[in-house]
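What follows is one structure encoded as structure tokens, with my remarks underneath.
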């Protein structure tokens, strides 16, 4: 048996008489359980081109919405090739349309910006924990009063 300091930050510090090896084992076991419950957020990428067709756009938008609902971040990127660099506004239109179409499924973490020949934006899943306002309850019907005699 050993004298083990359980809580050194408490005033006065808390100590217990116990087996130190078992204490380390229990502590490691609880840390492992805490790590197991963590959600690892990954970044999934959806690539567009300036000449994307409507059906391809819808398919990739649906993929991005699915990634966001699963809790992952989405990087929407659009590569300009050759003379397409002269028409950057077309790329900004596509990325901004994606942001508008996703709507409440995600929030913009990084607004669209150029890095070399690639325009990209990062979308994060929207918070589900935010309390939604309840619709107002209809007023209760008035109670009938006792007849007056």
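The values are calculated or read from the model by the stated rules, or taken from the named source; none is laboratory data. Values in this document were obtained by computation on a predicted structure and should not be read as measured data. Every residue, glycine as well, gets a Cβ built from its backbone with ideal geometry; the counts of neighbours run over all protein chains shown.
Out of curiosity, is residue 61 touching a residue at least 12 places away in the same chain (Cβ under 8 Å), under 16 Å from residue 120 (Cα atoms) and in contact with a helix residue (DSSP H, G or I) (Cβ under 7 Å, 6 or more places away or on another chain)?
Details: touching a residue at least 12 places away in the same chain (Cβ under 8 Å): yes; under 16 Å from residue 120 (Cα atoms): yes; in contact with a helix residue (DSSP H, G or I) (Cβ under 7 Å, 6 or more places away or on another chain): yes.
It is true that residue 61 is touching a residue at least 12 places away in the same chain (Cβ under 8 Å), under 16 Å from residue 120 (Cα atoms) and in contact with a helix residue (DSSP H, G or I) (Cβ under 7 Å, 6 or more places away or on another chain).
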For the structure I just gave you, tell me whether residue 20 is more than 30 Å from residue 79 (Cα to Cα) and either at pLDDT 90 or above or surrounded by fewer than 10 Cβ atoms within 10 Å (Cβ to Cβ) (or both). no
Within segment 23-52, residues being within 19 Å of the chain's Cα centre (by Cα) and at pLDDT below 90 number 8
Which number in (1) surrounded by fewer than 18 Cβ atoms within 10 Å (Cβ to Cβ); (2) farther than 16 Å from residue 95 by Cβ marks the one condition that residue 45 misses? (2)
Considering only residues that are more than 27 Å from the chain's Cα centre (by Cα) and not in a helix (DSSP H, G or I), which ones fall in segment 53-90? 53, 80, 81
Filter result for residue 43 (in contact with a strand residue (DSSP E or B) (Cβ under 7 Å, 6 or more places away or on another chain) and more than 23 Å from residue 127 (Cβ to Cβ)): no
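Can you report the number of residues in segment 91-147 which are part of a loop (DSSP other than H, G, I, E, B) and modelled with pLDDT under 90?
22
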